[in-house]
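K.L.:
Mind having a look at this structure? Questions to follow.
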Amino acid sequence: MRISTRCDGISWLILTLAFATAFGVPCPAQEVGSVDLTTVTARTDLRRPGGTPPEGVSVTGTGSTLACFDSPHQAGALRVSLVSLDRTHSKVGDEPTFEVTVENIDSAPLRIPFSPHLADLQPENPGKKFAYSELQLELWVAASEVWSANTGGAISLYGAEDHAGTMATLRPGESVRIIGKGKLALPDEGRNVRLIHAGQVVDRVYARVSLYSVEALLTATAAATVRREVCPGQKQGQSVPIVLSVPKQ
């Protein structure tokens, strides 16, 4: 994982802003960090009190998610752009490498989780409840403006304020770059599947992110999580055209 340093060229920045203001030229986002998940083995397995459950003992898990939907309590605003895929002709089941930028387009700083290693956030006592933040990035496949579905694969980043180096600050106009692998699929059933087999062609892929505040508690044989979605406004940036071969029905 690599975190880039901030630029100190104040004079250059002042001149750039003056030019952009005078001539209406949009300023590109300043990239302040990047993470390449294709080169990292993420540590996500959590320890359990008492160690590994004995053979034959079942392990259970429960979880709940409190979603934002159209919450009036938005926290910041982001622009999410799919910069590239490593292929433009694909078939269902392919795992393309992608690059996504996440930019703060609000007027205030925003903190986001930026580590692939969930296990590093667990307390020394594995039976103690702990909290962390999660950023979930999903690839969406779309057919023109007719339909779209989050079936392009997903990755997650994690962080906690009491674990140095796991959170990133995006000041206004700053962005981070995320590189990972997706997995192209189609909806299992419903209207979108019928449209596909009626000839509605999948022609582009784009990205979206969700932010969550999570609490987790583990016992020897069970796990419970509560995920509360944080509510940044979100603007869709660049998408990537694609030709997706679909199996015949």
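Any read-out appearing in this document is the output of simple, stated calculations on the displayed coordinates, not a laboratory observation. Everything quoted here is computed from the prediction, not taken from an experiment. Counting neighbours? That spans all protein chains shown, and the Cβs are built from the backbone with ideal geometry, glycine included.
K.L.:
Restrict the search to the stretch 38-139; then list the chymotrypsin sites (Phe, Trp or Tyr not before Pro) that DSSP places in a loop and that have at most 10 other Cβ atoms within 10 Å of their Cβ.
P.N.:
69
K.L.:
Moving to a separate point now. Semi-axes of the stretch 62-244's equivalent ellipsoid from the Cα gyration tensor, sqrt of 5 times each eigenvalue, largest first, rounded to whole Å?
P.N.:
In descending order the semi-axes read 30, 20, 16 Å.
K.L.:
Can I ask one more? Provide the FRET efficiency to the nearest 0.05 for the residue 107-residue 39 pair, computing r from the beta carbons and using R0 = 30 Å.
P.N.:
After rounding, the FRET efficiency stands at 0.30.
K.L.:
Give me the one-decimal nm value for the distance between modelled label points at residue 246 and residue 146, 7 Å along each residue's Cα-to-Cβ direction.
P.N.:
With each label placed 7 Å out from Cα toward Cβ, I get 0.7 nm.
K.L.:
Extension gain residue 220-residue 120, at 0.36 nm per residue separation less the Cα-Cα distance, in nm?
P.N.:
Length difference between fully extended and current span is 34.1 nm.
K.L.:
To continue, here is another question. For each of 45, 86, count neighbouring Cβ atoms within 10 Å of the residue's Cβ, then give the residues from fewest to most.
P.N.:
Starting with the residue having the fewest Cβ neighbours, the order is 45, 86.
K.L.:
Tell me, in nm to one decimal, what length is gained between residue 67 and residue 161 on full extension, where the rule is 0.36 nm per residue of separation less the Cα-Cα distance?
P.N.:
31.6 nm
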